[in-house]
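A.B. asks: Just passing along the structure, written as structure tokens.
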């Protein structure tokens with residue numbers, strides 16, 4: 001059994017609205033954040049809930065795929081770049097990264113893949 005936790009991350013096109021059942025979301029930026037001698041990849045964006053039957057609202061958030069292992073070293077069949085990523089599995093590191101991202105982006109929610 002392999003303990004290699006590397007994953008491929010297909011980079012998302014920024015500033016493109018993705019429609020969901022209750023509204024839409026948009027990733028507005030992709031950031032390579034230095035952290036303890038490595039780089040963490042995160043995306044920042046927002047979601048609007050404007051087609052829900054229960055009301056409307058929105059939020060800003062960040063999504064953290066993980067540590068960058070290989071930056072855009074492949075291309076998928078749609079022409080999107082792919083990077084090798086190592087998920088952040090350590091809870092203490094997640095807490096530190098979450099604090100950094102929240103300070104930079106002023107978002108209430110940071111989610112790790």
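The values are calculated or read from the model by the stated rules, or taken from the named source; none is laboratory data. Here the structure is a predicted model, which is why all the values come from computation and not from measurement. Please note: Cβ atoms are built from the backbone with ideal geometry, for glycine as well, and neighbour counts cover all protein chains shown.
A.B. asks: Considering only the stretch 15-37, state which residues are at pLDDT 95 or above, over 13 Å from the mean Cα position of the chain (by Cα) and surrounded by 14 or more Cβ atoms within 10 Å (Cβ to Cβ).
C.D. replies: Passing the criteria: only 35.
A.B. asks: Tell me, please, whether a residue that is in contact (Cβ under 8 Å) with a residue 60 or more places away in the chain and closer than 13 Å to residue 112 by Cβ can be found in the stretch 37-57.
C.D. replies: Among the residues of the stretch 37-57, at least one is in contact (Cβ under 8 Å) with a residue 60 or more places away in the chain and closer than 13 Å to residue 112 by Cβ, which makes the answer yes.
A.B. asks: Here's a follow-up. Which residue is modelled with the lowest pLDDT, if the candidates are limited to the stretch 38-58 and must be under 15 Å from the mean Cα position of the chain (by Cα) and more than 17 Å from residue 85 (Cβ to Cβ)?
C.D. replies: It comes out as 47.
Residue by residue, here is whether (1) under 27 Å from residue 22 (Cβ atoms); (2) in contact (Cβ under 8 Å) with a residue 60 or more places away in the chain; (3) surrounded by fewer than 15 Cβ atoms within 10 Å (Cβ to Cβ); (4) over 15 Å from the mean Cα position of the chain (by Cα) holds:
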position: 64; (1), (2), (3), (4): yes, no, no, no
position: 74; (1), (2), (3), (4): no, yes, yes, yes
position: 78; (1), (2), (3), (4): yes, no, yes, yes
position: 88; (1), (2), (3), (4): no, no, no, no
position: 91; (1), (2), (3), (4): no, no, yes, yes
position: 95; (1), (2), (3), (4): no, no, yes, yes
position: 103; (1), (2), (3), (4): no, no, yes, yes
position: 112; (1), (2), (3), (4): yes, no, no, no
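A.B. asks: Here is a check on your reading of the model: is residue 98 over 22 Å from residue 26 (Cα atoms) and in contact with a strand residue (DSSP E or B) (Cβ under 8 Å, 6 or more places away or on another chain)?
C.D. replies: Here the answer is no, as residue 98 does not meet what is asked.
A.B. asks: Let me ask you something else. What do you reckon, is residue 62 modelled with pLDDT under 95 and outside any loop (DSSP other than H, G, I, E, B)?
C.D. replies: The answer is no for residue 62.
A.B. asks: For residue 62, are the conditions met, namely being within 28 Å of residue 90 (Cα to Cα) and touching a helix residue (DSSP H, G or I) at 6+ places or on another chain (Cβ under 6 Å)?
C.D. replies: Criteria met by residue 62.
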